[in-house]
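Take a look at the structure below.
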Amino acid sequence: MINIITSLNGLSLHGHLLYYNWKQAYIGNDGEQKDLARLGGR
Amino acid sequence: MASYPKIKNIPIVIGESDPEGCAACGMATNPSNAYRNGTMYSSYTAASFARKYLLSDFSGVNLMGAVSWSFEFENQPWFYGFRDLATNGVDKPVLNVFRMFGKMTGQRISATSDRMYPLKTVLDSSIRSKTDIGVLASRDSRSASVMIWNYHDDDEQGSPELIKLSINHLPAKIVTVIHYRIDNEHSNAYELWKKMGSPQQLTAIQITELEKAGRLQTLGKAVKLFSKNGSVIINTSLPRQAVSLVKLNW
């Protein structure tokens, strides 16, 4: 059994900007599939 | 950079983040690049991108982001082993890791796993003994996200590991849990394509089936859980090369 633990009142770490950028680049504000389809190239 | 106060806080963007050498080399010339089609690439991406945060913490620098240095190749064979996130418009498993990352809103928070390799070991000798069962977590005002992966440098399948995930200090008594999964049975168009006989001439129906199989999928339906003293425990199993994202909403 592998134990994995996180606490929501725990240490906040730098990193939210990376998620923000990923969301903008890959997901977009106007719908996941629409933007992601452009990555496929077909 | 951290040793120079003037530039210590300048945001760093890793402009070309990739695992190896030649993006445009397919399996015909580089058979080992077949790993890019399946769950080796997705689990590697989870394990390695998480280490960028840890390396940033360790170095005391301001990591802003990273660009997956992968490309788009027009008019090429299906699942040819290029470093791309989709093949002929069908999403590969690795793309679903980025979909998972995109769902991890809010602020990164600390999380531990007793089977996660220390950063120094990964830097010194990579992941060559037991598999790396690691974790990356974030929280927002109304949600929390926990990504877990099971990665090893050898491209082999393996039996699932039992996982006990504890999430503490929840601010709500009832949470909705959605469990996203990338493995051989979920979010994986490559495995379906192989079951089809690895065709290069596909029917419209086959393409539709692959497009559906390539999307990010859940491990069952969303469930509601009651927290006990602010905690929930989620037991699951994680096959080698699988990635999970457990998302809690309240």
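The values are calculated or read from the model by the stated rules, or taken from the named source; none is laboratory data. Remember, predicted model here, so these are calculated numbers, not experimental data. As a convention, Cβ positions derive from the backbone with ideal geometry for all residues, glycine included, and neighbour counts pool all protein chains shown.
Residue by residue through the stretch B:161-192, note down the ones that are farther than 30 Å from residue B:89 by Cβ and either touching an Asp or Glu at 6+ places or on another chain (Cβ under 7 Å) or basic (Lys, Arg) (or both). Reasoning before the result, please.
Pass one, the stretch B:161-192, residues farther than 30 Å from residue B:89 by Cβ: B:161-177.
If the condition is that a residue be farther than 30 Å from residue B:89 by Cβ and either touching an Asp or Glu at 6+ places or on another chain (Cβ under 7 Å) or basic (Lys, Arg) (or both), then B:164, B:173 are the ones that fit.
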Examine the stretch B:30-44 for a residue that is closer than 26 Å to residue B:134 by Cα and assigned to a loop (DSSP other than H, G, I, E, B), and state whether such a residue exists.
yes
Checking residue B:150 against (1) closer than 30 Å to residue B:78 by Cα; (2) in a loop (DSSP other than H, G, I, E, B); (3) in contact (Cβ under 8 Å) with a residue 24 or more places away in the chain, which test does it fail?
(2)
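Across the stretch B:54-84, what is the total count of residues that are among the charged types (D, E, K, R) and either more than 9 Å from chain A (Cβ to nearest Cβ) or touching a Ser or Thr at 6+ places or on another chain (Cβ under 6 Å) (or both)? Can you show your working first?
Of the residues in the stretch B:54-84, the ones among the charged types (D, E, K, R) are B:57, B:72, B:74, B:83-84.
If we keep only those that are either more than 9 Å from chain A (Cβ to nearest Cβ) or touching a Ser or Thr at 6+ places or on another chain (Cβ under 6 Å) (or both) too, we end up with B:83-84.
Of the residues in the stretch B:54-84, 2 are among the charged types (D, E, K, R) and either more than 9 Å from chain A (Cβ to nearest Cβ) or touching a Ser or Thr at 6+ places or on another chain (Cβ under 6 Å) (or both).
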Looking at (1) on the phi > 0 side of the Ramachandran plot; (2) of a type outside the set (Asp, Glu); (3) modelled with pLDDT of 95 or more, which one does residue B:176 not meet, given that it meets all the others?
(1)
Could you check, for the stretch B:184-200, whether at least one of its residues is among the hydrophobic types (A, V, I, L, M, F, W, C) and more than 17 Å from residue B:39 (Cβ to Cβ)?
yes
Of the numbered conditions (1) at the interface with another protein chain (Cβ under 8 Å from one of its Cβ atoms); (2) in a loop (DSSP other than H, G, I, E, B); (3) closer than 14 Å to residue B:50 by Cα, residue B:105 satisfies every one except a single condition; which is it?
(3)
Quickly run through the stretch B:100-120 and pick out the residues that are under 25 Å from residue B:166 (Cβ atoms) and either touching a residue at least 40 places away in the same chain (Cβ under 8 Å) or loosely packed, with under 14 Cβ neighbours inside 10 Å (or both).
B:100, B:101, B:103, B:104, B:105, B:108, B:114, B:115, B:118, B:119
